[in-house]
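S.K.: The structure's right below; bear with me while I get my questions together.
Just so it is clear, none of the values below were taken in a lab; they were calculated from the coordinates. Here the structure is a predicted model, which is why all the values come from computation and not from measurement. Note that we place each Cβ from the backbone using ideal geometry, even for glycine, and neighbour counts take in every protein chain shown.
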Amino acid sequence: MSFLGLFRRNDPHSLAAPYALDALEPDERRRFEKHLKTCDRCTAEVRELAEDAVRLAWSAAAPPPLAMRDRVLAAIRTTPQDPAPAAVREQRLPGQLPPHVWGTQPLPPRTR
């Protein structure tokens, strides 16, 4: 859904609500953000609408079932993981995980 037609009609103020809900296309978003730099009215409206959206989301939020954490952890323990591709295991660049993380070498000894 594009709100660009509204912006083209020289009514950038009408884009505050879709902006607050992250519903603008990238080009529309950039144009409206440029407008926001000079329009205190839209800045305040976006802030209020974003706060209302958060309150609405929290009012509909439900806590997870008590056993969900246990079920997720059990599924993690029993779900097989795919091994890393050989090319990734053999190549280690600075900042990447060490080979023992990939399972290609034993764990290094622990020191304190």
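S.K.: Once you place label points 7 Å from the Cα toward the Cβ at residue 53 and residue 29, how far apart are they in nm?
M.R.: About 1.0 nm separates the two model spin labels.
S.K.: Assign unit charges at the C-beta atoms only (+1 for Lys and Arg, -1 for Asp and Glu), then state the dipole size of segment 4-60 relative to its Cα centre in Debye, rounded to the nearest 20. Numbers along the way, then the final one.
M.R.: On the way: 10 positive and 11 negative charges, 47 e Å.
The dipole magnitude comes to about 220 debye.
S.K.: In nanometres, what is the gap between the two model label sites at residue 81 and residue 66, each 7 Å from Cα along Cα-to-Cβ?
M.R.: 3.1
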